[in-house]
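The values are calculated or read from the model by the stated rules, or taken from the named source; none is laboratory data. Given the structure is predicted, the values throughout are model-derived calculations rather than measurements. Reconstructed Cβ throughout: ideal geometry from the backbone, glycine too, with neighbour counts over all protein chains shown. The protein model used for the area step is the full one, side chains on, heavy atoms only, and it has no ligands, DNA or RNA in it. Shrake-Rupley method; radii C 1.70, N 1.55, O 1.52, S 1.80 Å.
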Amino acid sequence: MKGIFKMIILMSELIIFPSIVLSIVIVFFITLGIIKRKKLKKMHNDIYNALKSVFKTSESYELRLHNSVKFDYTLSTKNYVYFIKIVKNFSNSEICVNNKLKW
């Protein structure tokens, strides 16, 4: 009888421990996702506020926020429309966009 109870206790420990570890891992990755979204939202708010503060003195500019894959903001003037795309670079690595020195 003692052997059966020890075996049942051992089996329950083997089942409970992996589920606890899996739960902790899932909560960790959900937390990372939430932090990343907050960081992106803060970045977009800071950029929008900076652009607004630059162009608020002139009424000839209109700044709009877009939820598009191709661009994030449009800056409209009387003659032109500028499409602005934000490149996310949280790792502070080098970004090269058609630079003649790199080719």
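So is residue 3 at pLDDT 85 or above, small (Gly, Ala, Ser) and either assigned to a helix (DSSP H, G or I) or touching a Gly at 6+ places or on another chain (Cβ under 9 Å) (or both) or not?
Taking the combined requirement at face value, the residue does not satisfy it.
Just the residues that are part of a loop (DSSP other than H, G, I, E, B) and either among the aromatic types (Phe, Trp, Tyr) or open to solvent by 60 Å² or more (accessible area, probe 1.4 Å) (or both), please, taken from segment 32-65.
Keep residues of segment 32-65 that are part of a loop (DSSP other than H, G, I, E, B), which gives 56-61.
The answer is 56, 57, 59, 61.
Does segment 66-95 hold any residues that are without any contact (Cβ under 8 Å) to a residue 12 or more places away in the chain, farther than 24 Å from residue 36 by Cα and of a type in the set (A, V, I, L, M, F, W, C), and which are they? Within segment 66-95, just 81 meets the criteria. Restricting segment 47-75 to residues that are more than 26 Å from the chain's Cα centre (by Cα) and of a type in the set (Phe, Trp, Tyr) leaves a set whose member that is modelled with the highest pLDDT is 61.
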